[in-house]
1. On the basis of being out of contact with any helix residue (DSSP H, G or I) (no Cβ under 9 Å at 6 or more places or on another chain) and either of a type in the set (Gly, Ala, Ser) or surrounded by fewer than 22 Cβ atoms within 10 Å (Cβ to Cβ) (or both), does GLU350 make the cut?
2. Can you go through GLY313, GLY265, GLY278 and tell me which one is on the phi > 0 side of the Ramachandran plot and not assigned by TED's automatic domain parsing to the domain that holds LEU408?
3. Regarding region 29-41, can at least one residue be identified that is within 11 Å of the ligand (Cβ to nearest atom) and in contact with a strand residue (DSSP E or B) (Cβ under 6 Å, 6 or more places away or on another chain)?
4. Please state which of the following conditions ILE271 fails to meet, knowing it meets all the rest: (1) more than 11 Å from the ligand (Cβ to nearest atom); (2) under 23 Å from GLY28 (Cα atoms); (3) assigned to a loop (DSSP other than H, G, I, E, B); (4) in contact with a helix residue (DSSP H, G or I) (Cβ under 8 Å, 6 or more places away or on another chain).
5. Looking at THR47, is it away from the ligand (no atom under 14 Å from the Cβ), closer than 28 Å to PHE157 by Cα, in the same structural domain as LEU18 (by TED's automatic domain parsing) and surrounded by 13 or more Cβ atoms within 10 Å (Cβ to Cβ)?
6. So which of GLY296, GLY265 is under 19 Å from the mean Cα position of the chain (by Cα) and within 14 Å of ILE7 (Cα to Cα)?
7. Restricting to region 137-196, name every residue that is of a type in the set (Val, Ile, Thr), out of contact with any strand residue (DSSP E or B) (no Cβ under 8 Å at 6 or more places or on another chain) and either within 16 Å of the ligand (Cβ to nearest atom) or not in a loop (DSSP other than H, G, I, E, B) (or both).
Amino acid sequence: MYDLFVIGAGPGGYTAALLAAKKGLRVGIAEGARMGGTCSNTGCIPTKTYIESINLFSRITAASRFGIEAGRPVLTLGSLNKRKSRIITRLAKGVEQLLKDAAVDIYPQPAQIIDQGRLTVGDRELVTRSLIVASGSTPKKPALFGVKGIWTSDTIFDVTELPQSLAIVGGGVIGMEMAHIFSTLGCTVSIIEAMDRILPSEDPEVSAFLAKAQRKVSLHTSSQVKDIHGDGPYELTLEKPGETVTLAVEKILLCIGRAPVMPQGLERLGIEINKAGGIRVDDTMQTSIPGIYAIGDVTGEHMYAYVASKEAGVAVDHLTGGSRRMNYRNIPTIIFTDPEIASAGKNLDEIDHATARHGMFPLSALGRARTMEAHDGYAHIICAASGRIERVTIVSPHATELIGIATLAIDRGLTAEDYLGLYHPHPTLSELLKEASEDVLGLCVHKP
Ligand SMILES: Cc1cc2nc3c(=O)[nH]c(=O)nc-3n(C[C@H](O)[C@H](O)[C@H](O)COP(=O)(O)OP(=O)(O)OC[C@H]3O[C@@H](n4cnc5c(N)ncnc54)[C@H](O)[C@@H]3O)c2cc1C
């Protein structure tokens with residue numbers, strides 16, 4: 001009998017298993033595919049592995065601007081694929097080793113639920129006091145895209161031949177990161193987005209900025225794919241306001257969101273499902289059935305690895321008698337495009353715009369950015385009338401790192417004045433936040 005059994009060894013599931021084992025529980029975990037889940041194998045890590053390489057490639061290409069004659073670099077999809085495989089294999093082994101060291105029993109097969117306390121993995125029947133469902137999500141693929149050869153994030157990282165042209169359906173975070181990768185590799189990329197702008201869940205100023213910065217990518221916004229002919233190359237029929245256009249491409253990559261994956265047998269429990277189609281949970285991550293928890297993408301909401309692992313902590317705390325509660329305020333978002341984009345704090349529609357105070361600073365006016373030959377970007381800070389920082393947006397190299405400072409400032413309720421009470425090392429990119437804070441107070445002397 002296990003104290004806890006976990007279904008799925010992604011960032012949600014394996015974190016929960018390790019935390020529970022550290023608390024002395026007898027824990028088992030089943031993983032039907034690869035240790036580390038989507039994040040390590042087909043999500044966060046492969047994308048950022050590719051992006052790190054292509055960013056270095058771009059820097060070498062621009063070496064002469066740094067006073068270096070470096071010749072013409074060569075980068076192939078095959079070499080990226082090889083590097084990615086080395087990295088994700090190591091990470092998967094690392095997760096497995098951590099679980100073994102913590103004496104968690106690992107079952108490398110899919111688990112099926114029999115009833116509340118019983119499940120099967122392969123031909124083993126197991127009994128557990130509590131269960132965490134962390135079975136993640138899978139790319140959405142409507143019937144229209146059932147055509148042969150269409151790629152998703154599950155298959156794209158196994159591709160070794162670069163197509164000449166690629167249509168990416170979906171201009172959200174994943175679609176735009178993919179566009180950055182494939183356009184830098186030399187592929188002709190078209191983004192097809194149903195909403196009237198790319199990155200529709202970000203601030204409109206961010207969408208507009210990236211649309212301008214991604215000069216090599218053609219954008220089809222307010223566009224719906226109505227028909228697909230061929231099986232590679234393809235001809236897509238796009239419906240736009242007032243017109244229908246045809247787009248011929250060699251390959252198609254589908255990035256239109258992800259759907260929760262339910263373990264077999266879950267339906268027998270009569271567990272409640274939420275509006276997003278995921279498992280409904282309360283703020284302790286418990287489902288409608290006491291003793292059964294759901295964490296991560298399977299809840300259908302806030303699909304980030306760092307949310308999944310935070311939820312793991314709350315679920316394990318609750319099932320071991322703790323009082324922690326999950327809150328979804330101030331979740332930073334990060335996008336690894338060029339330039340990087342990150343934001344934190346309230347959504348724009350939660351801000352009192354009549355009294356809000358704004359501070360803006362352009363990257364091009366920052367000394368450190370000049371040394372890096374980086375020009376495209378800015379920081380935007382929005383404060384309440386009291387000066388309290390409510391929202392921060394950063395568009396710049398390393399924005400995905402810098403946002404941590406803003407997240408802390410917002411979480412601790414700092415004002416722009418509090419923030420300026422600190423020392424801000426020079427010359428650094430973090431001065432973007434200092435300058436934008438000064439701008440909130442009308443004290444920014446460097447703003448052009
Ligand atoms: C291209 C891409 C890029 C991304 N980039 C980022 C990023 O930069 N930052 C970020 O925070 N997030 C990113 N994400 C999202 C992130 O990968 C997910 O939010 C995260 O992996 C969710 O973790 P999880 O533990 O809920 O599920 P998963 O990581 O999906 O893991 C679930 C695991 O459960 C297993 N499983 C399913 N059913 C069963 C069963 N019945 N029995 C046993 N095992 C089962 C699956 O095989 C899988 O390994 C990205 C996603 C994609 C697709």
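The values are calculated or read from the model by the stated rules, or taken from the named source; none is laboratory data. Just so it is clear, the model here is predicted, and its values are computed rather than measured. Methodologically, a virtual Cβ is constructed for each residue, glycine included, from the backbone with ideal geometry; neighbour enumeration extends over all protein chains shown.
1. Yes; evaluated as a whole, the condition is true for this residue.
2. Exactly one of GLY313, GLY265, GLY278 is on the phi > 0 side of the Ramachandran plot and not assigned by TED's automatic domain parsing to the domain that holds LEU408, namely GLY265.
3. First, pick out the residues of region 29-41 that are within 11 Å of the ligand (Cβ to nearest atom): 29-41.
If we keep only those that are in contact with a strand residue (DSSP E or B) (Cβ under 6 Å, 6 or more places away or on another chain) too, we end up with 29-30.
Yes.
4. Only one criterion is unmet by ILE271, namely (4).
5. Numbers: away from the ligand (no atom under 14 Å from the Cβ): no; closer than 28 Å to PHE157 by Cα: yes; in the same structural domain as LEU18 (by TED's automatic domain parsing): yes; surrounded by 13 or more Cβ atoms within 10 Å (Cβ to Cβ): yes.
Spelling it out, it is not the case that THR47 is away from the ligand (no atom under 14 Å from the Cβ), closer than 28 Å to PHE157 by Cα, in the same structural domain as LEU18 (by TED's automatic domain parsing) and surrounded by 13 or more Cβ atoms within 10 Å (Cβ to Cβ).
6. GLY296 is the lone residue from the list that is under 19 Å from the mean Cα position of the chain (by Cα) and within 14 Å of ILE7 (Cα to Cα).
7. Here is the first cut: in region 137-196, the ones of a type in the set (Val, Ile, Thr) are 138, 147, 150, 152, 155-156, 159-160, 168-169, 173-174, 181, 184, 188-189, 191-192.
Filter again for out of contact with any strand residue (DSSP E or B) (no Cβ under 8 Å at 6 or more places or on another chain), leaving 155, 160, 174, 181, 184.
Scanning region 137-196 gives THR155, ILE174, ILE181, THR184.
Conditions (1) surrounded by fewer than 16 Cβ atoms within 10 Å (Cβ to Cβ); (2) free of Cβ contacts under 8 Å to residues at least 24 places away in the same chain, marked per residue:
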{"position": "ALA342", "(1), (2)": "no, no"}
{"position": "ALA354", "(1), (2)": "yes, yes"}
{"position": "ARG357", "(1), (2)": "no, no"}
{"position": "PRO362", "(1), (2)": "no, no"}
{"position": "ARG368", "(1), (2)": "no, no"}
{"position": "THR371", "(1), (2)": "yes, no"}
{"position": "ILE381", "(1), (2)": "no, no"}
{"position": "THR393", "(1), (2)": "no, no"}
